[in-house]
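Novice: Take a look at the following structure, please.
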Amino acid sequence: MPVIHYIIRHGQTDWNAEWRLQGQKDIPLNDTGRAQAQGNGLRLKALAGDLDGHDFVSSPLGRARETMELARTAAGLPARPYRIDERLKEICFGDWEGYTGREIKALDRERHRERRIRKWDFLPPGDLAESYEILSWRVGSWLKSLDRPTVAVCHGGVIRCIFKLAGMDREQAANLEIPQDRILAYSDAGPEWA
């Protein structure tokens, strides 16, 4: 029987609803996001059944941790314990964090255009900024470390990297819609929305 890992994107924040680049800014869940996290916990219980023996791990960002705790509770588990793994942190958008695409376009039309053309390899301005390619190095390291069934709560960029590392075209992965109310089942057969 194949080992299946369950990967959940954090629930919605106000910045998600406004289409703002969050990156590593620690923006809390909104009410919609809390409901999504609880729904994913119920879905997780239905998919996995017995969760004993699963490793639970989260991005260190608050929106991911809150999603984990709400999902665990909805699945019939205590909110804690779970581990934190820095490799699951969202991509850093550098100086662009907090801006919408429209605002970025008004500030720097050329870089905005460049990102649209080659989103996977694009490096935003700012000392700590990452491209999706750089993020995929962290995510690949985390995937290789999985040694038992795992439930992870992370971010849209991390999930895009999982699809790319499983063989999806890089630009397709960079532009993939990542829902906040579904669970990604990941196994040797690759990622699949459950």
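Laboratory data are not the source of any read-out in this text; all were calculated from the coordinates shown. None of the values given here were measured: they were computed from a predicted structure. Neighbour counts run over all protein chains shown; Cβ positions are idealised from the backbone, glycine included.
Novice: Using each residue's phi in region 122-132, evaluate 6.51 cos²θ - 1.76 cosθ + 1.60 at θ = phi - 60° and report the 3J(HN,Hα) Karplus result to the nearest Hz, with x for Gly and Pro.
Specialist: Running phi through 6.51 cos²θ - 1.76 cosθ + 1.60 with θ = phi - 60° gives 5, 10, x, x, x, 4, 9, 4, 10, 8, 4 Hz.
Novice: Another question, if that's okay. Measure off 7 Å from each Cα along the Cα-to-Cβ vector at residue 26 and residue 73, then give the distance between these two points in nanometres to one decimal.
Specialist: 1.9
Novice: Continuing with the same structure: Which residue fluctuates the most in the chain, going by a Gaussian network model with Cα springs under 10 Å, if the choices are 165, 143, 135?
Specialist: Result: 143 has the largest fluctuation of those listed.
Novice: What distance in nm separates the two pseudo spin-label positions at residue 128 and residue 146, each 7 Å out from Cα along the beta-carbon direction?
Specialist: According to this spin-label approximation, the distance is 2.7 nm.
Novice: About the Cα centre, and with charges only on the beta carbon of Lys, Arg (+1) and Asp, Glu (-1), how big is the dipole of region 63-135? Nearest 20 debye, please.
Specialist: Computed about the Cα centre, the dipole is about 340 debye.
Novice: Charges at C-beta only: +1 for Lys and Arg, -1 for Asp and Glu. How large is the resulting dipole of the chain about its Cα centre, in Debye rounded to 20?
Specialist: In debye, rounded to 20, the chain gives about 180.
Novice: In region 5-193, what % of DSSP beta bridges are antiparallel (nearest 5)?
Specialist: Values: 10 of 20 bridges.
Antiparallel bridges make up about 50 percent of those DSSP assigns within region 5-193.
Novice: In whole percent, what relative contact order does the chain give with Cα contacts below 8 Å and a gap of six or more residues?
Specialist: Values: 380 pairs, mean separation 62.1, N = 194.
Over the chain, the number comes to 32 percent.
Novice: Could you work out the local net charge near residue 138, counting Lys and Arg as +1, Asp and Glu as -1, over the other residues with Cβ closer than 14 Å to its Cβ?
Specialist: With Lys, Arg at +1 and Asp, Glu at -1, the net is 0.
Novice: Using a cut-off of 26 Å between alpha-carbon atoms, which lysines can reach residue 164, once sequence neighbours fewer than 8 places away in the same chain are excluded?
Specialist: 25, 89, 119, 144
Novice: Another question, if that's okay. List the residues whose amide H sits under 5 Å from the amide H of residue 56, counting only those 5 or more places along or on another chain, with H placed 1.01 Å from N in the peptide plane.
Specialist: Those qualifying (amide H under 5 Å, at least 5 residues apart or on another chain) are 83, 151.
Novice: When we measure straight from the Cα of residue 105, which aspartates and glutamates land under 14 angstrom away, once same-chain ones fewer than 8 places off are left out?
Specialist: The reachable aspartates and glutamates, counting only those whose Cα sits under 14 Å from residue 105, are 95, 97, 114.
Novice: As an exercise, find the ratio Rg/Rh for the chain from alpha-carbon atoms, using the Kirkwood inverse-distance average for Rh. Working shown, then result.
Specialist: Working: Rg = 16.3 Å, Rh = 16.9 Å.
My calculation of the ratio gives 0.97.
Novice: For the charge dipole of the chain, defined by +1 on Lys and Arg C-beta atoms and -1 on Asp and Glu C-beta atoms about the Cα centroid, which residue among 81, 5, 30 has the Cα displaced farthest towards the positive pole?
Specialist: Result: 30.
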